Each structure stands twice: as structure tokens, then as C-alpha cells.
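Enquirer: Attaching a single structure in C-alpha cells format; questions to follow.
What follows draws every value from the coordinates through simple rules; no lab data is involved. Please read all numbers here as calculations on a predicted model, not as lab measurements. Reconstructed Cβ throughout: ideal geometry from the backbone, glycine too, with neighbour counts over all protein chains shown.
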Amino acid sequence: MGTTDSEQTAAGLIEDPKSFDPKGTLALILVYFCILVTMWVYIYFVEFLGNDLIVVG
């Protein structure tokens, strides 16, 4: 007997776990890290550098 389409699809979705290469995850983490560093540089150099610290309260 032949295999059905659903059996072929299910068999096609099973991959070797060792072949997983998370390049997209690494790229997303690097983008978020760059955004975080950019925000830190802005806050440090633009907002705080050269200004006195102000304590409210």
C-alpha cells in the first residue's frame, strides 16, 4: 500500500535535531542588544553627562 499525503507530510516535518542552526535567533538577540546599547549610550551621554544629578523627593 502507498502512503497518504498526511503521512508523507508528517514524515517530512521530522528532522535531525543535530541539524538545527539557530541563526535567526542569534540575529534577533544581536539586534536587541544593539538597540539596548544605543539606548544606554543616549541616556548616558545625552541625558546625564555634564548635568548635575537631581534627586526628586
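Enquirer: Can you tell me which of 36-43, 18-25 comes out highest on packing, and rank the rest after it, using the mean Cβ neighbours within 10 Å? Please report the intermediate quantities before stating the final value.
Expert: Numbers: 36-43: 10.1, 18-25: 7.5.
Packing proxy ranking, top to bottom: 36-43, 18-25.
Enquirer: While we're on this one: Could you check the simple spin-label distance between residue 19 and residue 41, using points 7 Å along Cα→Cβ, in nm with one decimal?
Expert: 4.0
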